[in-house]
Amino acid sequence: MLIRRVDEDDWPIVRDVRLRALRESPDAFGASLAREERFTEAHWRMRLRTSPTWVAVDDDGAGRGLVSLVPEPGSPEDDRHVVSLWVAPESRRRGLGWSLLDTVVRAGAEEGARTVSLWVLDDNAEAVDLYVRAGFTRTGEKHVLPRDPSRTEERYERPASPGGLVG
């Protein structure tokens, strides 16, 4: 499996992986499939120009995972925020989620970030387990999911490290 940073010309694979993620794991994200299916090429390109994104591809070039790293509005300037982390079901439990997280923790440090943070739904136990094992800790900051007020998500963070998850 190869993890590579993509640019705006890679928008078709990013679109395909992201839409698959929303189809197969709709409850794991704050976004909706219906909304993102309406995005045009211009929108996908703009997203990739403004958000560093990595895709995991197998030997056949099929996308098996995705992650982006952004400055989150309202967060400290020296924080980078993990968004859209997803691994295809057939590739889970093989360390790919860990590798994608390691990639963004390193990238955050390279950008001068002091911390890397993310939001995770309280009822997403698998994701919480991965993030805690990767050194993320709860901040206690929570909010209701806008598209489903019966669910909440919590912010987690960890120090950015040029050594990745072990550094």
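Annotations
- Within region 123-153, the set of residues being under 21 Å from residue 74 (Cα atoms) and either among the basic types (Lys, Arg) or under 15 Å from the mean Cα position of the chain (by Cα) (or both) comprises 136, 138, 142, 147, 153.
- Within the set 27, 79, the sole residue that is under 15 Å from the mean Cα position of the chain (by Cα), under 26 Å from residue 121 (Cβ atoms), surrounded by fewer than 16 Cβ atoms within 10 Å (Cβ to Cβ) and acidic (Asp, Glu) turns out to be 27.
- Among the residues of region 105-132, the one identified as without any contact (Cβ under 8 Å) to a residue 40 or more places away in the chain, among the aliphatic types (A, V, I, L, M) and more than 18 Å from residue 159 (Cα to Cα) is 125.
- Residue ID - most open to solvent (accessible area, probe 1.4 Å), chosen from residues in region 63-74 that are part of a loop (DSSP other than H, G, I, E, B) and within 16 Å of residue 107 (Cβ to Cβ): 71
- Residue 108 vs. criteria of a type in the set (Gly, Ala, Ser) and either closer than 21 Å to residue 28 by Cα or in contact with a Pro (Cβ under 9 Å, 6 or more places away or on another chain) (or both): no
- In region 30-46, residue surrounded by the most Cβ atoms within 10 Å (Cβ to Cβ) [restricted to those that are outside any helix (DSSP H, G or I), without any contact (Cβ under 8 Å) to a residue 60 or more places away in the chain and not basic (Lys, Arg)]: 39
The values are calculated or read from the model by the stated rules, or taken from the named source; none is laboratory data. Since the model is a prediction, treat every value here as computed from it, not as a measurement. Because the Cβ atoms are built from the backbone with ideal geometry, glycine has one as well, and the counts that use them run over all protein chains shown. Side chains are part of the model used for accessible areas, which takes the heavy atoms of the whole protein and leaves out ligands, DNA and RNA. Shrake-Rupley method; radii C 1.70, N 1.55, O 1.52, S 1.80 Å.
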